[in-house]
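Take a look at the structure set out below.
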Amino acid sequence: MTNTLTFSLATALVAASLPAAAFAQTAAAPAQTPAISEDMRLTIFLDGEFGRYVATQPQLATRLGIKQGGDRWNDNSDEAARAEVEWRKASVARMKAQFDRAKLSPAAQVNYDIWALEAERAEIALANRIYRPPFYSRLYSAHSQLPDFLINTHTVVDVTDLRNYIGRLKGMPEVLARALERTQASQKAGINPPRFQFETIIEGSRKLTSGAPFGDGPDAALWADVKAKTAALVAGGKLPQTEADALLAEAKAAILALQPAYAAIIAWAEASLPTAPSGKVGALTLPGGLDYYERELKLVTTTDMTAAEIHATGLAEVARIEAEQDALARQAGFADRHAFYAERKRLYPPRQYDDAARKEYLDTANAFVAHTRTLLPAYFGELPAYGIEVVREPAFSEVAGGAAHASAPSPDGKRPARTYVHLVGTVPDPAAMYTLMCHEAVPGHNTQGDIQVRQQGGPKFRSVTGYVAFGEGWGLYAEAVCKEMGAYPDIAADFMRLDAELFRAARLVVDTGIHALGWTEDEAVKYMNETGRQPIERSRSEVRRYITLPGQATGYKIGMLKIMELRKRAEAKLGAKFDVKGFHDLLIASGSQPLSILERRVDEWIAARATS
């Protein structure tokens, strides 16, 4: 088995080193030997296909620790997107021609089905591409995503990595220019970013081109990063100082060359401000917007739930959670949830972040994550192996009320899993931090990401394929698991767990309200503030995220509800045979998956344990 797996990985990596000019169309499976099972033959086939895909995605290759193509960016042109869809469809056709699904094990059938599903999803994404211009999304706008990738993902452990980093710096102006062209094409089709997004782009672009080497002041983010990574190589004896000086001069010139590119972006954004939409800016305001939104919901939830069904689910969940909060508040000696909230506000009146508050937050969060990690063995068989750390969001993308987010470690663990938090604006209730760390770090996204990138025995594409409803559903379910593990220190922390769940239920109402019911931005902010219980600045930030990323916020609660439903089903049918460690390992030890496939796998697991 070990030798076969090594061969499988080698196949993928060799394919990944091929030129990335086009997708290969005629890849045959490696020669069979009688000793290789159908499952393993499929894994070898899929690894070869995935390797060819990685060869066209240099940023994905970097995430996987592959150096080939490390000086290039992904080709995000429309032509490349169409080529990917055609290649995926051809790949699925090759798979179906070479494999009889009925002869595969249930686990291998999952891999077969997900590879086929990814082709269907790519086709849906292509249909929605005009609605997803590179500067539209508040979370994933090109002006900040490119430097964020270099700073937080492009690890520099040797001189090759540093030269690749500089190569990517040199390539950024062209990538930004192409991104601007795509966004302008969407504008011409009537898909215009809202006014607040233009303002965000202008502010972020100015931050990225302020300070040294552009002028006086502290080092700009990219310049500070490349200097620090170069210094680390020199300190580690991997790079002579004279060569380091020459490479830094090259990097400096490349960074200075970014100024015209960002100046063009700023000029475009400023010119667009007078006619930029505001107020009612959801999918309904776009040509064909409702169909677009329903397609996004299908991609995000991996279900066939309609906007109306999701809206109704959100309203029902809000009512249920508020009732649970009332009960918990009475347990703590208060009349109801409103009295409990009032007491928390009295104890922790609003104050602004300063350096001391930031240090306190990060110290407390990292200590809690470390403690929660010690509780995992009683509830999980598969455990995280790499470092997990809570860090501050980079200055160029940090905003008051910004949503925390997690990143997986590199497959070799050299880059740890990280949770990024925004530490500007109003300091939140300290009891809310525990739930956030359970969701983003342990046992949430960082734990899931750690396990996923270390998967062995199955096809490599499963280690990087993600589904919002599964991943975010797991993160929200992880908040409840923390309660089960006894991680929350007091009733206040448990009450704030419900507060966080209420917030996610409110998202179902607000996201569908904006994009299917025609709510204005202010109407959505009001609901999120008053019913979702979020501070006004965070309510505004969240709503703007939903506006520019339709449907994404619905995945959390839809995914959690499905996981909770499946666990209750397993507990009811298995009784004393139910094993929580086995259930959790089933969920996250084999990678992200659509909810329909997850349900099938849980039902198979229940049947197998019931007869064991």
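Read-outs throughout are calculated quantities, based only on the coordinates presented, and are distinct from any laboratory measurement. Given the structure is predicted, the values throughout are model-derived calculations rather than measurements. Methodologically, a virtual Cβ is constructed for each residue, glycine included, from the backbone with ideal geometry; neighbour enumeration extends over all protein chains shown.
Summary table
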{"quantity": "Stretch gain in nm, segment residue 312-residue 273, where the contour uses 0.36 nm per residue and the Cα spacing is subtracted", "calculated": "10.5 nm"}
{"quantity": "(i) 25.6, 77; (ii) 22.4, 69; (iii) 24.4, 72, with the label sought being that of the calculated Rg and Dmax of the Cα atoms in Å", "calculated": "(iii)"}
{"quantity": "Within segment 66-110: backbone nitrogen closer than 16 Å to the residue 37 label point (7 Å, Cα to C-beta)", "calculated": "100-110"}
{"quantity": "DSSP beta bridges in the chain [antiparallel fraction, %, rounded to 5]", "calculated": "40 percent"}
{"quantity": "Inter-part distance where segment 288-353 and segment 479-546 are each reduced to a Cα centre, Å", "calculated": "5 Å"}
{"quantity": "Full-stretch length increase - residue 235, residue 203 - with 0.36 nm per residue and alpha-carbon distance subtracted", "calculated": "8.0 nm"}
{"quantity": "Among 87, 116, 99 - extreme Cα towards positive end, dipole of segment 77-148, charges at beta-carbon", "calculated": "99"}
{"quantity": "Net dipole in debye of the chain [+1 Lys, Arg Cβ; -1 Asp, Glu Cβ; about Cα centre; nearest 20]", "calculated": "640 debye"}
{"quantity": "DSSP-assigned coil residues among chymotrypsin sites (Phe, Trp or Tyr not before Pro) in segment 550-608, each with at most 16 further Cβ atoms within 10 Å", "calculated": "578"}
{"quantity": "Relative contact order for the chain, counting Cα pairs under 8 Å that sit 6 or more residues apart, in percent", "calculated": "14 percent"}
{"quantity": "For segment 187-226 versus segment 383-425, the gap between their alpha-carbon centres in whole angstrom", "calculated": "21 Å"}
{"quantity": "Loop trypsin sites (Lys or Arg not before Pro), segment 389-418, which have at most 14 other Cβ atoms in a 10 Å radius of their Cβ (DSSP)", "calculated": "414"}
{"quantity": "Total charge dipole magnitude, segment 325-446, about the Cα centre, Cβ charges on Lys, Arg, Asp, Glu only, Debye to nearest 20", "calculated": "120 debye"}
{"quantity": "Reachable lysines from residue 280, criterion Cα separation under 20 angstrom, eight or more residues apart if same chain", "calculated": "188, 526"}
{"quantity": "Given charges at beta-carbon only (K, R positive; D, E negative), |dipole| of segment 160-201 in Debye", "calculated": "80 debye"}
